[in-house]
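To keep things clear, I will list the structure first and then write my remarks on it.
The values are calculated or read from the model by the stated rules, or taken from the named source; none is laboratory data. From a predicted model like this one, the values you see are computed outputs, not experimental measurements. Here the Cβ positions follow ideal geometry from the backbone for every residue, glycine too, while neighbour counts run over all protein chains shown.
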Amino acid sequence: MSFTPRQLNTLLSECRIADRFKIRRMIDRARKDEKILAHAAEKIDESIQWVEKRTNRDEIHYPDLPISARRDEITKAISENQVVVLAGETGSGKTTQLPKICLDLGLGCKGLIGHTQPRRLAARTVASRIAEELNTTLGDRVGYQVRFHDQVSDTTQVKLMTDGILLAETKHDRFLEQYEVLIIDEAHERSLNIDFLLGYIKRILPKRPDLKVIITSATIDLERFSKHFNDAPIIEVSGRTYPVDVLYRPLHELEGEDEKAIDMQQGILAAVEELLDMERKQGRGPQGDILIFLPGESEIREAADLLRKADLKSVDVLPLYARLSLAEQNRVFQRGKGSVGTRIVLSTNVAETSLTVPGIKYVIDTGLARVSRYSYRSKVQRLPVEAISQASANQRSGRCGRVSEGTCIRLFSEEDFFSRPEFTDAEIRRTNLAAVILQMLSLKLGDISEFPFVDPPDNRYINDGFKLLQELGAVDSKRHITRIGWQLSKLPIDPRLGRMVIEASRNNCLREVLIIVSALSIQDPRERPQDKRQASDEKHRLYAHEESDFLTFVNLWDLYEEQRQALSQNQLRKYCLKNFLSYMRMREWRDTHRQLHIICKEIKEQDSKFIEREEPASYEAVHRSLLAGLLSHMGFKQEGKEYLGARNRRFFLFPGSIVYKKAPKWVMAAELVETSQLYARCIAKVDPVWAEKLGPHLVKKNYSEPHWEKKRSEVVATEH
DNA sequence: TGGGGATTT
């Protein structure tokens with residue numbers, strides 16, 4: 001049998017999307033060579049079989065959810081438009097039912113239905129819920145991929161993943177041809193990943209007319225998404241929620257002429273009493289639990305003390321924040337057998353997005369949150385306590401309307417509420433952009449100021465990001481990516497950390513630095529429960545290094561490896577418990593380390609200077625390598641506890657560090673974050689000469705590089 | 001003497 005190129009080309013539309021380009025090129029190049037055309041025909045046949053194998057005609061059932069009633073309308077919008085914006089609050093069923101609606105449309109055969117979530121846990125749980133509703137096992141028709149876990153097979157039609165995974169895939173699948181549909185969920189969270197993806201997708205749409213995109217969001221700033229995608233239609237689905245009564249109880253009360261201020265803590269207590277009173281008057285007994293939003297750990301602790309001391313009958317006070325151990329967090333999610341009264345959960349922003357506290361009937365909102373903001377002027381990351389946006393306050397109050405009618409007390413006035421910004425600033429507007437810029441350079445996305453971001457970052461932030469990349473040697477003075485830059489872009493870690501790895505390969509201390517860098521890119525595995533601070537500190541001191549928080553990580557790693565090889569998994573868990581270590585985070589540390597190790601081997605194959613040796617390295621070799629990523633985080637001791645750093649920054653050592661007591665003359669820090677003061681966290685004693693040795697190729701070229709004048713023995717920052 | 005929350009080829 002022989003085929004004409006034209007016959008073959010018409011068959012292409014039946015093929016798997018990811019195969020089409022390759023086969024089309026084969027046909028074009030074949031001209032009339034029958035052998036090649038026959039080969040192309042074979043490939044087409046294989047591809048069509050792949051599609052048919054996935055075509056499933058099982059009837060899909062929809063549970064009774066608000067979105068199910070709107071199925072026809074949604075189906076129509078998806079078939080008629082390339083991009084659809086779907087808004088719906090929690091309980092609308094959008095996350096679980098949308099992929100099923102796509103399947104019903106016959107999508108998911110010629111390519112995957114890709115569905116992104118901001119968090120790994122969500123990707124996994126959503127995947128198993130959809131698999132269950134489709135009566136299939138996880139990894140078959142419905143799969144998921146998150147960092148370290150891949151449960152996707154040849155038969156997978158719906159793939160749940162974190163948005164970070166999809167972003168990473170753009171590196172080897174430029175036009176995301178694996179996918180027939182992309183669902184970007186929780187777009188309103190506007191994380192760096194989501195904003196980058198929304199820009200990237202907008203760019204590839206003209207080249208992928210067969211791709212369907214659905215942006216889903218809470219009912220927040222919908223027109224913005226619609227406008228970004230050429231006025232894509234918006235469909236709003238109601239959530240299954242109950243009305244929430246919002247009461248304003250400002251801390252500043254006007255009494256005649258005088259303004260009387262109440263302390264936030266007293267305001268919280270008064271609000272709790274008001275809610276409990278209300279229940280008592282209704283005489284129906286406890287109706288549900290109270291969730292209180294506060295900005296941080298210290299405020300939570302203070303409020304917890306106050307509420308426990310107050311004479312409240314049968315209440316259970318439970319703090320909730322991310323640094324809490326799993327056991328402590330579980331108290332919030334599992335109601336103990338003996339508990340009968342009202343639970344009062346005191347929480348940071350974790351409960352606004354990442355976690356759902358069950359059984360909440362009342363919310364008390366201080367209207368405050370700690371927000372990370374990077375200042376391009378002082379080149380410092382800050383964590384100020386700020387008034388939250390209207391959208392954020394509404395998200396918080398929405399947390400009490402999920403089981404029945406709820407009541408939310410806001411500890412600020414209605415006037416205050418309406419004077420606040422409508423939406424929370426997107427992360428891209430308040431963060432250092434070095435990592436984003438490096439990714440864009442390695443993807444060859446062209447001029448960053450031309451990239452179609454939903455919220456384009458300020459030019460000053462872009463310039464500042466380039467400056468850091470220059471300091472790291474990742475770009476040259478013309479802003480072109482260097483060899484180091486290419487290597488950094490392969491490492492899934494912060495560019496500063498990546499720079500340490502590259503330097504370490506040249507200083508023969510990759511073993512130590514890989515351990516350190518993987519520790520720095522996860523959450524600290526050491527636990528410090530509030531009621532066992534002394535006990536945990538004692539255990540943590542066992543492997544502490546007196547001059548370096550970094551080498552403390554290496555000591556812990558070595559100690560743990562010994563235990564891990566000697567003990568069973570169960571014994572290892574007990575070991576963690578006894579030594580105040582988080583078993584999960586220790587595993588995360590090892591997984592990260594393994595991943596980085598594999599990538600280093602790949603880099604080594606292309607770079608003969610990249611050396612890996614197993615002998616223990618010296619203090620100097622390790623810290624010189626770390627310093628390559630932390631040049632602007634050095635400091636020289638001043639009077640008292642103060643240090644002078646680059647750009648005349650004055651900072652203090654974080655008191656939790658072992659190095660704090662020694663207070664060495666010269667230090668470097670993994671992080672400088674301004675809270676009540678500018679604190680250096682994760683620190684080590686260094687010799688300033690190391691920076692000079694490292695410096696020559698960096699120091700002179702750079703804008704604000706600190707250099708060290710020995711005679712004056714002080715840090716001088718230069719600006720050209 | 002003290003710091004919100006996520007994520008990655």
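Structure above, values below:
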item: Some residue of region A:611-620 being outside any helix (DSSP H, G or I), touching a residue at least 24 places away in the same chain (Cβ under 8 Å) and closer than 30 Å to A:R533 by Cβ; result: no
item: In region A:89-112, the residues that are farther than 22 Å from A:T170 by Cα and in a helix (DSSP H, G or I); result: A:K94, A:T95, A:T96, A:Q97, A:L98, A:K100, A:I101, A:C102, A:L103, A:D104
item: Region A:643-667 - residue that is away from DNA strand B (no atom under 14 Å from the Cβ) and of a type in the set (A, V, I, L, M) and, of those, modelled with the lowest pLDDT; result: A:A646
item: Selected residue (only one of A:R511, A:R533, A:R506, A:R526 is among the charged types (D, E, K, R), under 22 Å from the mean Cα position of the chain (by Cα) and not assigned by the TED database to the domain that holds A:P319); result: A:R526
item: Any chance A:L411 is within 15 Å of DNA strand B (Cβ to nearest atom) and in contact (Cβ under 8 Å) with a residue 24 or more places away in the chain; result: no
item: Condition check for A:E503: of a type in the set (D, E) and either over 15 Å from A:A670 (Cβ atoms) or out of contact with any Ser or Thr (no Cβ under 8 Å at 6 or more places or on another chain) (or both); result: no
item: A:R587 being within 23 Å of the chain's Cα centre (by Cα), surrounded by fewer than 21 Cβ atoms within 10 Å (Cβ to Cβ) and among the basic types (K, R); result: yes
item: Answer from A:D28, A:D64 - the residue that is without any contact (Cβ under 8 Å) to a residue 24 or more places away in the chain and in a helix (DSSP H, G or I); result: A:D28
item: Residue that is under 30 Å from A:Y679 (Cα atoms) and within 13 Å of DNA strand B (Cβ to nearest atom), where the choices are A:A387, A:A426; result: A:A426
item: Output for region A:31-61, where each listed residue is in contact with a Cys (Cβ under 6 Å, 6 or more places away or on another chain) and not in a helix (DSSP H, G or I); result: A:T55
item: Lone unmet requirement of (1) surrounded by 20 or more Cβ atoms within 10 Å (Cβ to Cβ); (2) within 22 Å of A:D447 (Cβ to Cβ) for A:N230; result: (1)
item: Those residues of region A:301-336 which are over 21 Å from A:G367 (Cα atoms), near DNA strand B (Cβ under 9 Å from one of its atoms) and aliphatic (A, V, I, L, M), in sequence order; result: A:L324
item: Close pairs (9 angstrom Cβ cut-off, 6 or more residues apart or separate chains): outside any helix (DSSP H, G or I) in region A:595-607, within 13 Å of DNA strand B (Cβ to nearest atom) anywhere; result: A:D607/A:Q487
item: Qualifying residue in region A:527-540 (condition: within 15 Å of DNA strand B (Cβ to nearest atom), surrounded by 15 or more Cβ atoms within 10 Å (Cβ to Cβ) and part of a loop (DSSP other than H, G, I, E, B)); result: yes
item: Given (1) at pLDDT below 85; (2) buried (at least 18 other Cβ atoms within 10 Å of the Cβ); (3) closer than 23 Å to A:S521 by Cβ, number of the condition A:L631 does not satisfy; result: (1)
item: Odd one out for A:T4, checked against (1) under 39 Å from the mean Cα position of the chain (by Cα); (2) surrounded by fewer than 14 Cβ atoms within 10 Å (Cβ to Cβ); result: (1)
item: Evaluation of A:S298 against (1) surrounded by 16 or more Cβ atoms within 10 Å (Cβ to Cβ); (2) near DNA strand B (Cβ under 10 Å from one of its atoms) (one fails), failing number; result: (1)
item: Residues (exposed (fewer than 15 other Cβ atoms within 10 Å of the Cβ) and in a strand (DSSP E or B)) located in region A:643-686; result: A:R650
item: So A:K94, is it among the basic types (K, R), at pLDDT 90 or above and either over 23 Å from A:A18 (Cα atoms) or assigned by the TED database to the domain that holds A:P233 (or both); result: yes
item: Qualifying residues in region A:340-384 (those that are among the small types (G, A, S) and within 28 Å of A:M278 (Cα to Cα)) - the one farthest from DNA strand B (Cβ to nearest atom); result: A:G341
item: Where A:F453 falls short, out of the listed (1) within 16 Å of DNA strand B (Cβ to nearest atom); (2) assigned to a loop (DSSP other than H, G, I, E, B); (3) aromatic (F, W, Y); result: (1)
item: Selection status of A:G465, of a type outside the set (D, E, K, R), within 14 Å of DNA strand B (Cβ to nearest atom) and part of a helix (DSSP H, G or I); result: no
item: Only listed residue being buried (at least 20 other Cβ atoms within 10 Å of the Cβ), at pLDDT 90 or above and within 25 Å of A:I201 (Cβ to Cβ), chosen from A:L443, A:L468, A:L472, A:L433; result: A:L433
